[in-house]
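Below: one structure, written as structure tokens.
The values are calculated or read from the model by the stated rules, or taken from the named source; none is laboratory data. Predicted, not measured: the structure shown is a model, and the values here were computed from it. Glycine gets a Cβ as well: all are built from the backbone with ideal geometry, and neighbour counts include every protein chain shown.
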Amino acid sequence: MKFNSELMKKLSDCFSPSGREKNVREMIIDEIKDFADEIKVDPLGNLIARKKGNGKKILFSAHMDQIGLIITHVDEKGFLRFSNVGGIHAKEIVGLRVIFDNGLEGVICQEELKDKDKLTMSKLYIDVASTNKEFVKNNFHIGDMCVFKSEYYETEDCVICKAADDRIGCYIQIEAIKNHPATENDVYYVFSVQEEVGTRGAKTAVYAINPDLGIALDVTATGDSLDGIKMDVKLGGGAAIKLMDKSMITHPEVKDLLTNLAEENNIKYQYEVLEFGGTDAGPIHLSREGVPSGVISIPTRNLHSAAEIINKQDVIECIKLVEAIVAK
Ligand code: CO
Ligand code: ZN
């Protein structure tokens, strides 16, 4: 199996912050339409692709949305005030370029501050590089969203890109649909909306599908860089089988299932305990009378930044694990 750089670049470059997932949804439909037995878009915007079977219902979920910013106010000077859509910290975004759905760009600037530790979102603004107030007024409006602008880059073993969270999960599901092994299982691949603002899309998707097993595919942090996060997961360590995060404790039988499948199929894996954050598996495992659930995580450095780093071989191990579950 080879890493499909072209597909991942296309996914990463797609403009689709939470609640505005149309672009990436259309792109994914185009990728999988010849491979899925059934494709549905639900009223919230979740994309649900099915590979039909008469056996157990398995739900996989990866979220389509990415973190972004939303304009709250265009001021008299023509600067844009904004709020965050998803987990973004004011201190980490000064100087970053942003891009809107219409292709226009800006740069995040900060007001003069005596105490730099007091930096909050309200002290930041976007300069859209125009002295023409009419241009600004006509092109930027309250409610418009933008995302970080950053160029896709690869080394031999790793990728730097924006929105690896969670376009890499979407990438894994697309590859799994294309290489779907023969199975009795009835498999639903959910490409969910609005995960970054509270795992909202997965809530309705899981209710409609009512699966026997739920597996989310999403990024997780690592403990192998110098950013101070203390955890076991490392880049290049293989697929991360989540044991716990803030939204879920993995069902013991699901932990055993994933571990045994990894062992049997020579899939490189590691265990993950994440002390912050959650995934679509949160709402999935709490649906109706409860759904045994787990998460296959992709180790990611610089999570929720404009330049997230993932390892290509980890991604391939994740795909192999998804295929092993489908075939079981
Ligand atoms: Co995220
Ligand atoms: Zn995510």
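Annotations
- Filter result for Lys123 (within 15 Å of Pro17 (Cβ to Cβ) and within 29 Å of the chain's Cα centre (by Cα)): no
- Scanning segment 149-166 for residues that are under 22 Å from Glu195 (Cβ atoms) and out of contact with any strand residue (DSSP E or B) (no Cβ under 6 Å at 6 or more places or on another chain), we see that the one that is nearest to ligand 2 (Cβ to nearest atom) is Cys161.
- Segment 250-274: number of residues that are over 13 Å from Val322 (Cα atoms) and aromatic (Phe, Trp, Tyr): 1
- Hits in segment 81-119 - residues which are touching a residue at least 12 places away in the same chain (Cβ under 8 Å), of a type in the set (Asp, Glu) and in a loop (DSSP other than H, G, I, E, B): Asp101, Glu111
- Scan of segment 49-86 for residues that are within 16 Å of ligand 1 (Cβ to nearest atom) and over 11 Å from Cys146 (Cα atoms), ordered by number: Ser61, Ala62, His63, Met64, Asp65, Gly86
- Count of segment 284-308 residues which are aliphatic (A, V, I, L, M) and touching a Cys at 6+ places or on another chain (Cβ under 8 Å): 3
- Matching residues in segment 63-75 - criterion: being closer than 24 Å to Val193 by Cβ and surrounded by fewer than 17 Cβ atoms within 10 Å (Cβ to Cβ): Thr72
- Residues that are in a helix (DSSP H, G or I) and either closer than 13 Å to Gly294 by Cβ or of a type outside the set (Ser, Thr, Tyr) (or both) within segment 195-226 comprise Arg200, Gly201, Ala202, Lys203, Ala205, Val206, Ala208, Ile209, listed in sequence order.
- Condition met for Gly78 (in a loop (DSSP other than H, G, I, E, B), surrounded by fewer than 21 Cβ atoms within 10 Å (Cβ to Cβ) and outside the structural domain of Lys178 (by TED's automatic domain parsing)): yes
- Evaluating Val315 against the criteria (1) touching a residue at least 12 places away in the same chain (Cβ under 8 Å); (2) more than 22 Å from Met231 (Cβ to Cβ); (3) part of a helix (DSSP H, G or I) leaves one unmet condition, (2).
- Selection status of Glu184, away from ligand 1 (no atom under 16 Å from the Cβ), in contact with a Gly (Cβ under 6 Å, 6 or more places away or on another chain) and part of a loop (DSSP other than H, G, I, E, B): yes
- Considering segment 226-282, the residues that are among the small types (Gly, Ala, Ser) and either outside the structural domain of Cys318 (by TED's automatic domain parsing) or under 16 Å from Ala216 (Cα atoms) (or both) include one that is modelled with the lowest pLDDT, namely Gly277.
- Checking every residue in segment 309-325 against the condition of being within 30 Å of Leu96 (Cβ to Cβ), within 18 Å of the chain's Cα centre (by Cα) and either within 16 Å of ligand 1 (Cβ to nearest atom) or modelled with pLDDT under 95 (or both) gives at least one match.
- Residues of segment 210-245 that turn out to be surrounded by fewer than 18 Cβ atoms within 10 Å (Cβ to Cβ), acidic (Asp, Glu), touching a strand residue (DSSP E or B) at 6+ places or on another chain (Cβ under 7 Å) and within 11 Å of Pro299 (Cα to Cα), as a count: 1
- Filtering segment 227-244 to residues that are in a loop (DSSP other than H, G, I, E, B) and either touching a helix residue (DSSP H, G or I) at 6+ places or on another chain (Cβ under 8 Å) or at positive phi (or both) leaves Gly228, Leu235, Gly236, Gly237, Gly238.
- Unmet requirement for Asp30, which otherwise passes all of (1) part of a helix (DSSP H, G or I); (2) under 15 Å from the mean Cα position of the chain (by Cα): (2)
- Close pairs from segment 141-158: first at negative phi, partner at pLDDT 95 or above and hydroxyl-bearing (Ser, Thr, Tyr), Cβ under 7 Å, at least 6 apart: Ile142/Thr72; Tyr152/Ser12; Glu154/Ser5
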